[in-house]
Each structure stands twice: as C-alpha cells, then as structure tokens.
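Down below is the structure, laid out as structure tokens.
The values are calculated or read from the model by the stated rules, or taken from the named source; none is laboratory data. Being a predicted model, the structure only gives us computed values, none of them experimental. We place every Cβ from the backbone using ideal geometry, glycine too, and count neighbours over all the protein chains shown.
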Amino acid sequence: MDRRTLTGHLAAAGAYAIFGLNIVINKDVANSGVVTPIAMFTLRAVGATLLFWLISCFLPKEKVQAGDFWKIALASFVGLFVPQLTFLKAITMATSIDTSILGSLTPVFTMFIAAAVLKEPLTLKKIAGVATSFVGVMLLIFNSVHFKGGAEHTTIMGVVLLLLNTLSFATYLGVFRPLINRYSVVSFMKWMFLFSIVMSLPFSARDLMAMEYAAIPATVAWEIGFVIVFATFVAYFLIPCGQKRIRPTLVGMYSYLQPIIAVVISIIAGLDRFTPVKVLAAVLVFGGVIIVNRSRAAKA
C-alpha cells in the first residue's frame, strides 16, 4: 500500500471514529434540552464555515469555476443538509436498533452508486468484502446494549427517512469524487458549509433566537464545542481527504467503525460487556475492508 492510499484509509477511519464518539456526545447534548437538533446543525455549519474560511486566508487562493458552484451546492444538499435533517427527524420515529441496521446500508448503496455513476467495477471480491463487513455489523448490533434516546416503535415514515438518509450520503460518497478532486479540501468544504447555513437557517432561525446561551451548562457547552470542532470541522476535513485517495466504497465501509466505537464506549462505561461475539464481529468488519481494498476496483 502506497503512502497516498494509506493516508486515505487513515483519513476515512479517523473521520468515522470521531462520528462514532459523536453519537454518544450528541445524544447527551440532545437530552440536555438546551438546543434543538436543527439549531445544533446550524451551529455546526456556522462553526465549521468560520474555521474553514479562516484557514483559507492563510493558504494560496484558489478560484472556484463559476459552473461548479451549483455542483458544490448540490453536494452540500446531498452530503450535509439532507442526511442531517432526515436523521434528526428519523430518530424520533425509529428504534435505536432499526436506526443502526438501516444506517449500515450506506456502504452497500455507495458500492452500487459508484458502479453506476463512476463506472467503478463490481467485482466478486468487492461484493464479498462488503457482505462480510455487513454481517459483522449485524452481529454487533444484535449483541450489544443500545443507547436510549430513540423511539419505542419504528414507523413507516421513520424507515423512509432513514433510507433517504442512507441513500443521500451514499450518493455524496459515490458521485462527487471528481468534483472534490478539482479543489483543495479547505476550498471545497468552506463552500459546502456556507451553502449548508443558507439551507438550514429558514428551519432553525427561530430556535437559535430563542436559545438562552448564558444558561447553557459548562459541560454541555464543552460537548457542543466538541461537536462543532471535531465532529464537524475535523471529521468533514478528513472525509474528502479520504475521498481523494481511496474509492468511494472503501470510504463508506469505514462507517462500520461507528457502532464499534459506540460499543467500546458502552463497555468502558459499564453499560455493555466484552464477549467473543463482539470480537468476531470486529474481525469480520475489518476483514471485509481488507477484502475490498485488495479487489481490482479498489485501485485508484
């Protein structure tokens, strides 16, 4: 594995490891009741936008082609706005286990979308790798304690929203790699998040104005800071770094790190326990990634 490919793997793994930790922290912020989900999304977008634009001031100026602005806006809609909005609504209509299962379809959808749009070949080895990791995640989901915070029952609309969430982000991973490759990560993401602010403000403006910022507990404030800086700015810096260097299917497969991180945290917190089944699940997940990485289609 060359250095460029290794960097891509580390970037994707790092992003999804942060996302896994973010699941736990975001639930704590949501349970505090100090900020609504859609307002939290806008705060994340504003924070990331400021950071990316600030960093861009110290980098060589990069001009975005006029014809690419609408494409970046579409990427923001598909990769940021729709996944966040559908997920925030879906978790009130679906159980945690159904949310986990449907979320695990992202690599599967990404594989087929990349094959259709980017002509990334569908090989037996790649399909076997995705299937192996999917089985591992299913083992983990059905043999772990799940965090509270979801619905007691899953509704049809909850399933529809979760499928839309999964398809939307898979489309982002599987379609926009050529666009991302034209620009530096900072240039691309500063416009992505700026467009996401414009999209989210009509839904969140009232909540943002009604928030009592001075009354936010210090612990929750630190958690919000983590979500903005690490789970948004850092993680979304790493995702396109991975997209530039490895195939979309491989980037998507690192989403399977999220339930593994959640289980590790729950074990450390004494909410779950270490079992041989969980070890087998982790082996299957990483084994599937290795299989896909060695397929002919994984070569960039």
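Pairs only if they're at least six apart or on different chains, beta carbon under 8 angstrom, first in segment 184-195 and modelled with pLDDT of 95 or more and among the acidic types (Asp, Glu), second buried (at least 23 other Cβ atoms within 10 Å of the Cβ) and part of a helix (DSSP H, G or I); list them, first residue then second. Pairs found: none. Only one of the listed residues (132, 106, 166) is of a type in the set (Val, Ile, Thr) and closer than 23 Å to residue 200 by Cα. That residue is 166. With respect to residue 21, is the statement that it is modelled with pLDDT of 95 or more, aliphatic (A, V, I, L, M) and part of a helix (DSSP H, G or I) true? When the stated conditions are applied, residue 21 does not pass them.
Among the listed residues 11, 66, which satisfies the condition of being touching a Gly at 6+ places or on another chain (Cβ under 7 Å) and either in contact (Cβ under 8 Å) with a residue 40 or more places away in the chain or among the aliphatic types (A, V, I, L, M) (or both)? So the residue among 11, 66 that is touching a Gly at 6+ places or on another chain (Cβ under 7 Å) and either in contact (Cβ under 8 Å) with a residue 40 or more places away in the chain or among the aliphatic types (A, V, I, L, M) (or both) is 11. Of 87, 52, all but one fail to be buried (at least 18 other Cβ atoms within 10 Å of the Cβ), closer than 30 Å to residue 182 by Cα and under 15 Å from the mean Cα position of the chain (by Cα); the exception is 87. Tell me which residues, restricted to segment 110-147, are polar (S, T, N, Q), part of a helix (DSSP H, G or I) and farther than 13 Å from residue 248 by Cβ. Once the filter is applied, which keeps residues that are polar (S, T, N, Q), part of a helix (DSSP H, G or I) and farther than 13 Å from residue 248 by Cβ, segment 110-147 yields 132, 133. Listed here are the helices (runs of 4 or more DSSP H) enclosed by segment 178-268 that have at least 1 residues being more than 18 Å from the chain's Cα centre (by Cα) and small (Gly, Ala, Ser): 185-210, 218-228, 257-268.
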